[in-house]
Amino acid sequence: MRSKWLMTWIICLTLAVAMGSPATAAAEEVKIGFILPLSGALAPTGKALREGAELAADIINNKYPDLGISIAQWEGIPNLGGAKIKLVFADSRGEPAWGADQAKRLIRDEKVIGVSGCYQSSVTKTASVEAERAGLPFINPDSTSPALSKRGFKWFWRVTPHETWFTADLFNFLDGLTQGKAPGVKAIPKAKLKKLAVAAENTEWGAAALKTIEEFAAQRGYEIVEAFKYPHKAADLTSEARRLMASGADVYLFAPYLADAILFIKTLKELGAAPTLVWGQDAGFVEPDFAKTLGAAANGILTRDLFSPQLADVIAVSGQINTIYRSRAGYDFHGSSARNFVGIQVWAHVLNEAKSTDPKAIAEALNKLHIPSKELIMPWKGVKFGEPFPGDTQQNELGSGVINQLQGFPGGKYQVIYPFEFATADLIYPFPGWK
Amino acid sequence: MELATQIITYGVLMGFVFAFIALGLSLIFGVMNIVNFAHGEFLMVGMYVALLTSTYLPLDPLVSLPIAAAIGFVLGVFSYRFLITHILRGPMVAQLFGTFGLMLFLRYLVMFIFGPDVRTLSHGVLVGKNISLGWISLDASKVMAAGLCLLLFAFVYWMIYRTKLGRALRATSLDAEAARYMGIDTERMNGFAWGIGGATVGIAGGLLAHFYYITPTIGMLFVLIAFATVALGGFGSISGAFLAGIIVGLIQGVGGHYLSELKFTFIYIAYFLTVVFRPRGLFGW
């Protein structure tokens, strides 16, 4: 009888220990709020970003033994008892005020442990204020206005490099062309590249891009012969396109979202513009719909980016994960969707380091975090938060950009041209034009 | 000089298109005193008709115009019969929210069917072609769109002011009760106004698709311009919509060249000033 009681007690005790153990915690979920523009003009972009984040969560939560990065072996967050990442998406509609409301809702109603998003710098700016007020971490994967990391926020960390890097990349690229460093092209006299015309959409992102380009041009000896901001929800951009053409610029530089990028290129083609180079500041120029919609009209267009499927040649895991992404989304990763993948990857690493979902523990872990290059799908040296440029706080200092060129229509691909040492194809120069 | 000519020419061409888009909105308001918030979505449907016709049928998108007109007409009449007649019984605010609801329904129905992707017409007799007039080069599809808008605008104007049907429509617009006493079927006239409104903006959508991108959310952009155009020209005024369309086209063309960032601001300043100093608009009653 006594042995029966003893056995019962042992069983009960075992069950109780089991219930309190990490194995039971594995059933728990860690909820992360994710704000994206899922409707409105930016809905196609939001969809691609969501797919990037969802793939990262899937790889963290399930085993992918063939992928050579640690999150693929975890099946949840190891130091949180295998807890699964659950992304709670909210639609910003592309509007700063609405994005901030969504951040409040996620924090108050969904009880998320932190927030990510929001693609547009203007929305990230307002939404991150709500996280700052609530004392919850906000990890931004993809907004590039330099001002965001110069606000001195305690609860804001940015994974992506910001515009200052990308603009430096552009001028390094132009200087490289004059020094004969570009693959397949002899040194180009600076006089043929000197005159620049800039068209930037008029939200915070475009305005910041324009300002940085103007500063770098002055420092590096280039001449801005035309520069203006325009509303990206424009019914017609003919006047703006004519303005670029009338400027006599050699190089056209754009900072647009998707719809206006398409409209600009279509209009310039219709007007028969013939610049020497056309370069876009990411965003609209790297959306899957950009090349798909414009077809051969996009041949030879350069874009600042952070990713190219061609990187598979130099980063094996990048190619493997992009293959999975393409099989699900129907198109390749682009710089923004790939950065959203990395954003969720950062969440996984930091939660594992923090061993807790307590905001202070996460913040502490974020400030100590170092993800090495081999863990990433991006051509970065890693993720480590610091002060890469004067005034930056909690900004990843190991990121970098690439410059791609759309080549080979039909079926055009983004070929890496810069950094020149990672070039996957010869540069098409001069721009073939639309005449 | 060449640049100025080109900017003004494009401004006027786009003005004809804006005027034609605003025509249906003005007509519906004139006859029924209802603001159709779904007007932009009717335009978007016209754009998708052009896209589908040129993608799935071996036809030039120009052929889609009568199809877009027919679908727009049916959409307008159905909206009237199955929505507007019901919400007319409610308070004013129900009428506002009714067409707003129709706008959301159409937008997200199209998004559900075709997805949020941005598309453009890839082929067509006039797609991507230019017309050179010696000193200026013009986009052929814009010239064609503006020309057809002008022609169809004139046709609708003639129909309203020169035909028996048009007189019945205007009588309904001026005093529906008196018109009923005179034997006019005002219900039919209301439905007809919605049908014409849908057909004209459907054609405008088919024309816009030749040089503009297509996405389920595109309607909002154009309906805002149409509201400003109608308010500027005078609610219910056909000739007012025409003149205001050209003014709006010129403002956004010239504004786009000199102060692109503020080009919509200039349009809405014109709208604001009209509302403040001449609430009935340039030609409204």
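Observations, loosely collected:
- Taking every C-alpha pair closer than 8 Å and separated by at least 6 residues, the mean separation divided by the residue count of the range A:46-114 gives a relative contact order of 19 percent.
- Helix B:164-174 vs. chain B, principal-axis angle (Cα, 0 to 90°, nearest 10): 70 degrees
- Principal-axis tilt of helix B:39-56 within chain B, Cα atoms, nearest 10 degrees: 50 degrees
- In terms of overall dimensions, the range A:307-435 has a Cα radius of gyration and Dmax of 17.4, 60 angstrom.
- Of all accessible heavy-atom area on chain A, the percent that carbon and sulfur account for (1.4 Å): 54 percent
- Carbon + sulfur, % of accessible area of the range B:2-277 - ligands and nucleic acids excluded, 1.4 Å: 74 percent
- Shielding of peptide A:345-357 by partners, expressed as the average count of other chain Cβ atoms within 10 Å per residue Cβ, is 0.
- In whole angstrom, the range A:175-279 maps to an equivalent ellipsoid with semi-axes of 24, 16, 12, each derived as √(5λ) from the alpha carbon gyration tensor and ordered largest first.
- Legend: distances between Cα atoms for A:Lys86/A:Lys154; A:Lys269/A:Lys413; A:Lys181/A:Lys381; A:Lys186/B:Lys129; A:Lys84/A:Lys111; A:Lys47/A:Lys104; pairs beyond 27 Å are A:Lys186/B:Lys129.
- Summarising the strand pairing of chain A, around 30 percent of its internal DSSP beta bridges are antiparallel.
- For the range A:211-240, a decrease in accessible area of 30 Å² or greater in the assembled protein chains relative to the isolated chain, with a 1.4 Å probe, applies to A:Lys229, A:Pro231, A:Lys233, A:Ala235, A:Asp236, A:Thr238, A:Ser239, A:Glu240.
- When B and A come together, around 2900 square angstrom of accessible surface is lost from both chains combined, probe 1.4 Å.
- With the biggest extent put first, the Cα atoms of chain B measure 59, 46, 34 Å across the principal axes.
- Listing of the range B:10-25 residues, each with accessible area lower by at least 50 Å² in the full protein assembly than in the chain alone (probe 1.4 Å): B:Tyr10
- As a calculated quantity, the FRET efficiency between A:Asp358 and B:Glu187 at R0 = 60 Å, using C-beta atoms, amounts to about 0.35.
- From largest to smallest, the equivalent ellipsoid semi-axes obtained for the protein assembly as shown from the alpha-carbon gyration tensor read 49, 35, 21 Å.
- Peptide ranges A:176-186, A:72-82 listed from the most packed, as the mean C-beta count within 10 angstrom indicates: A:72-82, A:176-186
- Nearest 10 degrees, 0 to 90: helix B:140-162 Cα axis against chain B principal axis: 20 degrees
- Solvent exposure of the range B:2-277, expressed per residue, is 40 Å² of accessible area, with all protein chains present and a 1.4 angstrom probe.
- Sequence-distant aspartates and glutamates (8 or more away, or on other chains) whose Cα lies within less than 19 Å of A:Lys292: A:Glu51, A:Asp260, A:Glu270, A:Asp282, A:Asp305, A:Asp332, B:Asp117
- Burial of 30 Å² or greater, the range B:130-170 residues [accessible area, probe 1.4 Å, versus chain by itself]: B:Asn130, B:Lys142
- Protein heavy-atom accessible surface, 1.4 Å probe, per residue over chain A: 36 Å².
The values are calculated or read from the model by the stated rules, or taken from the named source; none is laboratory data. What you are looking at is a predicted structure, and each value in this text was computed from that prediction instead of being measured. Because the Cβ atoms are built from the backbone with ideal geometry, glycine has one as well, and the counts that use them run over all protein chains shown. SASA here: full protein model, heavy atoms, side chains in, ligands and nucleic acids out. Shrake-Rupley method; radii C 1.70, N 1.55, O 1.52, S 1.80 Å.
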